[in-house]
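S.K.: First the structure, then my questions, so here it is.
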Amino acid sequence: MAPVATTRVAITRGISPAIADCELTHLTRTPIDLDAARRQHAAYEATLAALGCRVERLEADPAAPDCVFVEDTALVFEELAVITRPGAVSRRRETPPVATALARYRRLEHIAADGTLDGGDVLVAGRRVFVGLTARTDEAGAASLARALDPAGYTLSTLAVDGVLHLKSAASVVAPGLLLIDPECVDPTAFADFDVVTVAPGEGPAANALRLAGTVLLSAGFPATRRKLEERGLAVRSVENAELAKAEGGLTCCSLIFDVAESAR
Ligand code: GLY
């Protein structure tokens with residue numbers, strides 16, 4: 001049988017003109033240069049395209065300051081997509097446009113209304129799913145996700161997260177079976193079945209890295225962590241993200257990336 005051709009889609013969203021009013025949990029509010037943020041976001045999208053993604057950018061919502069952080073609104077698996085119920089009430093209006101975009105590609109499930117869950121709290125490593133319990137994601141939200149994923153054979157576990165917004169602020173998959181983590185924020189023993197590389201001292205935000213097409217996208221400004229990844233034989237590309245980092249956004253936060261069969265385009 002002929003192999004099925006696939007297209008890799010990256011859903012992104014424009015930056016809201018209200019980004020200055022973004023939600024914050026651990027950082028002190030500092031001015032965000034909207035023009036610079038938009039330039040950096042456009043360069044990020046260009047990097048995704050250069051690495052093989054077809055970028056589908058949704059329009060920004062002027063009433064949703066955090067709308068650029070699409071990762072929090074949905075989780076896309078091979079078999080289905082799960083629309084989240086963000087923990088910040090201000091962010092709940094972000095989900096419907098993303099659900100509409102994803103409905104072209106996946107069957108949709110939804111996090112039940114008795115819980116909350118942000119996509120940034122969900123780390124998927126093969127068939128293992130780790131859910132960080134944070135100010136945004138609670139046990140009921142994690143249980144709802146577990147119910148949605150159980151028929152597809154995923155195994156879900158929860159862990160504590162300290163000092164950062166989301167689990168993925170402190171842990172990322174950088175290669176099959178290899179995680180990059182900030183041990184000050186998550187307990188490495190939670191990932192006992194995985195190989196782990198830790199961020200260099202003082203480079204905590206580097207832990208939010210985006211693996212795409214065999215390349216690790218790493219926020220610019222973390223040279224020691226970059227060296228550690230390169231010593232592991234990984235190809236690393238730096239991406240400037242300083243403006244959205246002021247809104248507690250990292251590289252994974254700004255896209256939803258998944259493969260679709262050509263017939264589903
Ligand atoms: N500013 C990103 C968030 O708090 O959700």
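Yes/no matrix, rows are residues, columns are (1) more than 17 Å from the chain's Cα centre (by Cα); (2) under 21 Å from Val82 (Cα atoms):
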{"position": "Leu167", "(1), (2)": "no, yes"}
{"position": "Ala170", "(1), (2)": "no, no"}
{"position": "Ile181", "(1), (2)": "no, no"}
{"position": "Pro188", "(1), (2)": "yes, no"}
{"position": "Ala200", "(1), (2)": "yes, no"}
{"position": "Ala235", "(1), (2)": "yes, no"}
{"position": "Glu240", "(1), (2)": "no, no"}
{"position": "Ile257", "(1), (2)": "no, yes"}
{"position": "Ala261", "(1), (2)": "yes, yes"}
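S.K.: Mind listing whichever residues of segment 155-169 are in a loop (DSSP other than H, G, I, E, B), within 16 Å of Thr189 (Cα to Cα) and touching a Ser or Thr at 6+ places or on another chain (Cβ under 8 Å)?
M.R.: The answer is Val161, and nothing else.
S.K.: Given the options Leu244, Leu210, name the one that is at pLDDT 95 or above and either among the small types (Gly, Ala, Ser) or away from the ligand (no atom under 16 Å from the Cβ) (or both).
M.R.: One residue alone meets the criteria, Leu210.
S.K.: Suppose we filter Ala20, Ala74 for residues that are within 15 Å of the ligand (Cβ to nearest atom), aliphatic (A, V, I, L, M) and surrounded by 17 or more Cβ atoms within 10 Å (Cβ to Cβ); which single one remains?
M.R.: Just one listed residue meets the conditions, Ala74.
S.K.: Just to check your reading of the model, which residue among Arg39, Arg93, Arg8, Arg57 is farther than 20 Å from Leu133 by Cα, basic (Lys, Arg), in contact (Cβ under 8 Å) with a residue 24 or more places away in the chain and part of a helix (DSSP H, G or I)?
M.R.: Step by step, each of Arg39, Arg93, Arg8, Arg57 is checked, and only Arg93 is farther than 20 Å from Leu133 by Cα, basic (Lys, Arg), in contact (Cβ under 8 Å) with a residue 24 or more places away in the chain and part of a helix (DSSP H, G or I).
S.K.: In the set Arg29, Arg54, Arg92, Arg85, which member is within 17 Å of Glu243 (Cβ to Cβ), open to solvent by 50 Å² or more (accessible area, probe 1.4 Å) and out of contact with any Phe, Trp or Tyr (no Cβ under 7 Å at 6 or more places or on another chain)?
M.R.: After ruling out the rest, the residue left standing is Arg29.
S.K.: Scan segment 193-230 for residues that are small (Gly, Ala, Ser), closer than 14 Å to Cys253 by Cβ and open to solvent by 10 Å² or more (accessible area, probe 1.4 Å) and jot them down.
M.R.: Residue satisfying the conditions is Ser219 alone.
S.K.: Condition check: open to solvent by 40 Å² or more (accessible area, probe 1.4 Å), among the hydrophobic types (A, V, I, L, M, F, W, C) and at pLDDT 95 or above. Does Ala160 satisfy that?
M.R.: Yes, satisfied.
S.K.: So Leu218 clears everything in (1) in contact with an Asp or Glu (Cβ under 6 Å, 6 or more places away or on another chain); (2) closer than 22 Å to Thr47 by Cβ except one condition, right? Which one?
M.R.: (1)
S.K.: Kindly indicate the residue of segment 231-265 that is acidic (Asp, Glu) and closer than 18 Å to Glu78 by Cα and also surrounded by the most Cβ atoms within 10 Å (Cβ to Cβ) among those meeting that condition.
M.R.: Asp259
S.K.: (1) in contact with a Ser or Thr (Cβ under 9 Å, 6 or more places away or on another chain); (2) over 28 Å from Thr215 (Cα atoms): which one isn't true of Cys67, the others all being true?
M.R.: In the conditions (1) in contact with a Ser or Thr (Cβ under 9 Å, 6 or more places away or on another chain); (2) over 28 Å from Thr215 (Cα atoms), Cys67 misses (2) alone.
S.K.: With the checklist (1) within 21 Å of Gly120 (Cα to Cα); (2) more than 14 Å from the ligand (Cβ to nearest atom); (3) in contact (Cβ under 8 Å) with a residue 12 or more places away in the chain; (4) not β-branched (Val, Ile, Thr) in hand, flag the one item Leu34 doesn't pass.
M.R.: Result: Leu34 fails condition (1) only.
S.K.: For segment 102-141, what are the residues that are outside any strand (DSSP E or B) and either modelled with pLDDT under 95 or open to solvent by 40 Å² or more (accessible area, probe 1.4 Å) (or both)?
M.R.: Ala103, Arg104, Arg107, Ala113, Asp114, Gly126, Arg127, Ala135, Asp138, Glu139
S.K.: Would segment 142-157 turn up any residue that is within 14 Å of the chain's Cα centre (by Cα), more than 16 Å from the ligand (Cβ to nearest atom), at pLDDT 95 or above and at negative phi?
M.R.: no
The values are calculated or read from the model by the stated rules, or taken from the named source; none is laboratory data. All values derive from a computational prediction rather than experimental measurement. As a convention, Cβ positions derive from the backbone with ideal geometry for all residues, glycine included, and neighbour counts pool all protein chains shown. We work out accessible area using only protein heavy atoms, side chains counted, and drop any ligands, DNA or RNA first. Shrake-Rupley method; radii C 1.70, N 1.55, O 1.52, S 1.80 Å.
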